Amino acid sequence: MLELIPYTEQIDYPLLTLLIAVPVLGAAILLFIRNAALARTVALAFSLVELALCAPLLMHFNPSIPHMQFGESYEWIKAWNIHYKLGVDGISVLFVALSALLTTISIMVSWKAITDRVREFMIALLFLEAGMIGVFMALDMFLFYIFWEAMLIPMYLLIGVWGGPNRLYAAVKFFLYTLVGSVLMLIGILAVYFYAGGTFDVLTLMNFKYSYTFQLWVFASFFLAFAVKVPMFPFHTWLPDAHVEAPTAGSIILAGILLKMGAYGFLRFSLPFFPDASIAWTPAIMILSVIAIIYGAYMAFAQTDFKKLIAYSSVSHMGFVTLGIFALNSQGVAGGLIQMINHGVSTGALFLLVGVIYERTHTRMIADYGGIAAKVPVYATILMIITLSSIGLPGTNGFVGEFAILLGAFKFQKVYAVIAALGVILGAGYMLWLYQRVAFGKITNPHNEALKDMNYREIAAVLPLVALVFYIGLYPNPTFTIMNASVENLIAHVHAKAQVVPAVAQAISTAVGN
Amino acid sequence: MLKYALIPLLPFAGFLIAGLFGKYLKERAAYAAVAGVAGSFILSVSAFIDVLGGTIIDENLYSWFAIGNLTVNVGFQIDQLTAVMLLVVTTLSTLIHIYSVGYMHGDKGYARFFAYLELFTFFMLVLVMANNFVLMFVGWEGVGLCSYLLIGFWYEKKSASDAGIKAFVVNRVGDFGFLLGMFLIFLTFGTLDFTDVFAALSGPAAAQSYMLLGAEIGVMTLISLLLFVGAMGKSAQLPLYVWLPDAMEGPTPVSALIHAATMVTAGVFMVARCAPIFSLSPTAMTTVAIVGGLTAVFAATIGLVQNDIKRVIAYSTISQLGYMFLGLGVGAFAAGIFHLTTHAFFKGLLFLASGSVIHALSGEQDMQKMGGLKRKIKVTHGVFLVGSLALAGIFPFAGFFSKDEILWSAHNAGEVGRVLWMLGVFGAFLTAFYSFRLIYLTFYGKSRIDHEVEHHVHESPKVMTIPLVILAFFAITIGWIGMPGAIIPHANLFGDFLAPVFPVLEHGVANHGLERWLMVFSVMVALAGIRLAYSLYVKNTSMPDRLARSFKGTYNLLLNKYKVDEVYNFIFVDGLVHRLARFLYNITDVKIIDGAVNGIAGMIRRTSEGSRKVQTGFVQEYAFVMGLGLVVLMGLYYVLK
């Protein structure tokens, strides 16, 4: 039974509200600024304040308990029993920090890349940040839904206004895909609300017992919303288009945070609310995850566009995440969670690096590169580090996640782990081949002769991500410690609450073993 | 503990210095690198002495990650086996670093080269020092990374970066097995620490079995075979050997250190480390022995006809690794490690000496364009001869002792062992033949060197020849530490030293008379091989061409390496990856899934021409409608309540 620990027990000020308010305030101030240069500075300043606020968040966070911390709860719309209720646990707290970090980085990389409607761009980014952070903190389904939808709009604008030539198609596709999912989720939320006797309170709903049939249906409606976001196969085709057209900042946020929302939804709602349905659906989800891993990797091989390749690699990587989560044992879930962070770090960095080179050459075609290692050694080195992280080389963050996930999946059902592990081979193949085509060989495109290496601003933007690659890779325990209590609690909760299909549950707890 | 931790950390420090400041240090980066490995060498000697004195170290530095019941530590273990490996790795690494100072002189990637080489040494030391499977895997994949980086060191050459990718991906196929093996170990024993796993082997968990494709397989067999898949990748055994010949694209010191002396022997080391596991599964042991025996002969046959000096030695390496596995597979673990040790010295020597030849010939690697070099590069010729005699297994050179111990053990290992012994002896004949074909083509007969190159032929500088001479010294003497009882009783220092690490498998009793006869026999076989090479490549030099013409089919099959690369390329690279990927992309993703999405969208658009006005395309309005819908639903609830 999870409790909400009021913030007053941990810190002097309502930290979570502050975390939502700072970017909103920044956006509001930007409304009055006409000067583009000033707009950039103000946006960066607010994103840095937000990032600084994550320090007390992580420092005062108590990792030994699974409860919701820094809690705030106020009645909002009494008639419908809607509350403004916030809290973070070991599952969500890291994503709050990651959102803040990636937003700051996004502003830095947009410094020169965005010259048109700078102010509006920065407003959209800050709004997006508030929305994302809100999603991870909301403990009221209504509030959650508002943040969830609010996040959609600035993202749509980032793609549709500042995107590439085919941006409208991509933006509409992104919007419709996620809208269909959202609407289904809304129906699910309302169903739960009515079923549970009129409450949106996440902690209450977690402990409510739903009938098996109800679980199956509502799980499905939530599932679609989350599966589109992850994205799971076969709901993934919006992602390559969205990434290709999105500006660098949009891609970083999209890959780094927005894709995590789906998996977060599974962890926060699907599993604890509907344990029986989750277990019943598990084989299907495992199969889809394995398909995503292999299929995404295959798709990556077929790509000629730098960004599309990374987009498909995301499908493959996120397949690992859902595989781990639904293995429903410590290693699987913790591995899935850390892999979500890892993917945000590595893929965020990859999109950043694509952006860096795109700004110089204005092409995303892999064939237009080749041999640039000789011209831009710093860039080539960082790209190599991130590539290695992406293929899960031990010592980098990617390994820790993949290892834990595969081990968890192996404990659950060997065949999934065996097939998924093939994805590790394919991953090395397409990433190293990509690297070869970009950096190795002789320069064939004369435009690349005068290529300039990364400047200090760009290096500063990517450096925190490189540091995280090694920090999580070499010393992941502090990160695992933060999530551990919540992960164990979640698993125990699901297994304890699952009753309707005892046979399956029994099989699973045997598989989980010790 | 600090002392032992510094063994890998000193090279790592060298890597950081050469890597981060190489731009400013230029060729001075080599000092940092050499200092790093040399320091590591000194500490390794000290660690070896500690082990000799009876100190076995097994300590955790810190907890790497802990999730649920899984705890993975960064911790080191230095027992007899590790102590041997430490000496082999650091000695070779130091000598090869020094050699490289001369060999790489003037290369624009000089500092980068040393940085990679240091990083490699670091990972290799982590691999041999790890006290658990996961940390060993770190070193395992880490050396693979460095191998990839160093094979593709001259990255402007497409063939070089291709070879690097091939090496990495083929190794990943092996790692796939390694990973699954680890998972199964964890599932079975609940731990991944060597000591704990080995201690649990006598318990009931080890007796489980799985049904696999209708057959019942014991868990120890399954674990052993999965781990062995990893070893096959790293140590280039059939069918995963294909990356190693291509790896010769890397600079020659790399071939010597990584692709002959150390990294490629990691698979042998791993199987030896897991000897307690393997020895519980006769099936796995036999598999290891057979794969080793077949690889030994298979690779040797290809080596017979290759013309690239480095490729001959590369195939020879694959073949010799096969011998090591043959030894492990018949239960002669110490003999396998002994061959690993002697091989490291004489094969490292052969590669470095071939580098010296290539250096002398301004980069020429084709033996058909060599000949008569004996008088021009005397030191190189001398050490090359020593290395080849050691490789051919001529008494009293190093290879003789280790190879004979393996063959003798095979001979004692039942019927399968007897067949493998025959394979091994046949392989020894081939080995002697191709090694001396190389010697004769390179150093004897008339010069076939291009005129322009001929003027520049020169002996390598001291910084290169001194390491060669040191290695040649070891190539002669290192075998003496494993003196077989049939020659001098109770003088097998090497075997005795390693005895505590390995399980003892009973294979008949010592029969010194027979053993002596077999020794004489195998030396005779080797001499026959040398003799044949002499008559073909010195006496009767037109003979090889005539033979090649008369046995055109066989000759071409060997020259084309049995066309294995072509077949793999066709099936895996072209077929299973690129063609299938394009097919899936164009059909599934673009036509089916996106077709459906766009189709539904189009259908809606067509059927809703009438309600078009609602679809304004402005997201703000959609959002507004969305919010409105929500409010209406809420309102409805409120009213109905």
Degrees between helix A:456-474 axis and first principal axis of chain A (Cα, 0 to 90, nearest 10)
50
Based on DSSP loop calls and a cut-off of at most 10 other Cβ atoms within 10 Å, the longest stretch of chain B free of exposed GluC sites (Glu not before Pro) is what?
B:1-505
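Using Cα pairs under 8 angstrom and six or more residues apart, how large is the relative contact order of chain A, in percent?
Value for chain A: 15 percent.
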Restricting to Cα pairs below 8 Å that are 6+ residues apart, what does the relative contact order work out to for chain B? Please round to a whole percent.
11
Is there a quick way to get the dipole size of the range A:274-514? I mean about its Cα centre, with the Cβ of Lys and Arg at +1 and of Asp and Glu at -1; what is the value in debye to the nearest 20?
240
Please enumerate, by chain and number, the aspartates and glutamates with C-alpha under 15 Å from the C-alpha of A:K411, excluding those fewer than 8 residues away in the same chain.
A:E402
Violations at 19 Å Cα threshold for listed pairs B:K374/B:K561; B:K347/B:K403; B:K108/B:K462 -> B:K374/B:K561; B:K108/B:K462
Per the 1.4 Å probe, what fraction of the accessible area of the range A:274-514, in percent, lies on carbon and sulfur atoms?
67
Quick one: accessible area per residue over chain B, 1.4 Å probe, rounded to a whole number of Å²?
38
What trypsin sites (Lys or Arg not before Pro) does the range A:404-451 have in DSSP loop regions with at most 11 other beta carbons within 10 Å?
A:K442
Considering only C-alpha atoms, what is the centroid distance from the range B:412-461 to the range A:369-412, in Å?
40
Just want the answer: with Cβ charges of +1 for Lys and Arg and -1 for Asp and Glu, which residue in A:I287, A:G336, A:H447 is farthest toward the dipole's positive end in the range A:274-514?
A:H447
Show which lysines lie in cross-link reach of A:K260 when reach means a straight Cα distance below 17 angstrom and same-chain residues fewer than eight apart are skipped.
A:K229
So for the range A:229-344, averaging the separation of alpha carbon pairs under 8 Å that are six or more residues apart and normalising by length, what relative contact order in percent results?
30
Taking the simple approach of a point 7 Å from Cα along Cα-to-Cβ for both B:Y568 and A:S211, what is their distance in nm?
6.0
Any residue on another chain or 5+ positions along whose placed amide H is under 5 Å from the amide H of A:Q69 is listed here as A:I5, A:V88, A:D89
Please calculate how many Å² of accessible area the range A:274-514 carries per residue, with a 1.4 Å probe and no DNA, RNA or ligand atoms counted.
27
Out of the DSSP beta bridges found with both residues in chain A, what percent are antiparallel (nearest 5)?
75
Are there any helices in chain B, counted as whole DSSP H runs, that stretch 24 Å or more along their axis by Cα and score at least 0.0 on average by Kyte-Doolittle, and if so which?
B:2-25, B:29-52, B:80-103, B:110-129, B:133-151, B:158-189, B:282-303, B:309-329, B:333-360, B:414-443, B:512-534, B:619-640
Between the residues B:L117, B:G68, B:Y155, the Cα farthest towards the positive end of the dipole of the range B:26-179, that dipole coming from +1 and -1 charges on the beta-carbon of Lys, Arg, Asp and Glu, is from B:Y155
Just how many % of Cα pairs in the range A:274-514 lie over 30 Å apart, if you round to the nearest whole percent?
31
May I ask for the distance between the Cα centers of the range B:183-236 and the range A:426-451, given as a whole number of Å?
40
Can you give the alpha-carbon Rg of chain B over 2.2 N^0.38 Å, where N counts its residues?
1.12
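Filter the cross-link list A:K307/B:K26; B:K369/B:K539; A:K112/A:K308 down to pairs whose alpha-carbon distance in this structure exceeds 29 Å.
Flagged as over cut-off: A:K307/B:K26.
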Taking B:K376 as the anchor, which aspartates and glutamates have their alpha carbon closer than 19 Å to its alpha carbon, excluding any fewer than eight residues away along the same chain?
B:E364, B:D366, B:D450, B:E452, B:E454, B:E459
If you line up the long axis of helix A:330-361 against the longest principal axis of chain A, both from Cα atoms, how many degrees apart are they, to the nearest 10?
30
Solvent-accessible area buried by A and B, counting both chains, probe 1.4 angstrom, square angstrom:
6200
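Restricting attention to the range B:310-378, which trypsin sites (Lys or Arg not before Pro) occupy a DSSP loop and are surrounded by at most 11 other Cβ atoms within 10 Å? Before the final figure, lay out the partial values.
On the way: sites: B:K310, B:R311, B:K347, B:K369, B:K374, B:R375, B:K376, B:K378; in loops: B:K374, B:R375, B:K376.
Counting only loop positions with at most 11 other Cβ atoms within 10 Å, the trypsin sites (Lys or Arg not before Pro) in the range B:310-378 are B:R375.
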Rg/Rh over Cα atoms for the range B:343-453, Kirkwood Rh, comes to 1.09
Dipole check, the protein assembly as shown, charges on Cβ (K,R +1; D,E -1), about Cα centroid: among B:A38, A:N489, B:A296 the Cα furthest to the positive pole belongs to B:A296
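The values are calculated or read from the model by the stated rules, or taken from the named source; none is laboratory data. No experiment lies behind these values; they were computed from the predicted model shown. For neighbour counting, all protein chains shown are included, and Cβ atoms are generated from backbone atoms with ideal geometry for every residue, glycine included. The accessibility values were calculated without ligands, DNA or RNA, using every heavy atom of the protein model including side chains. Shrake-Rupley method; radii C 1.70, N 1.55, O 1.52, S 1.80 Å.
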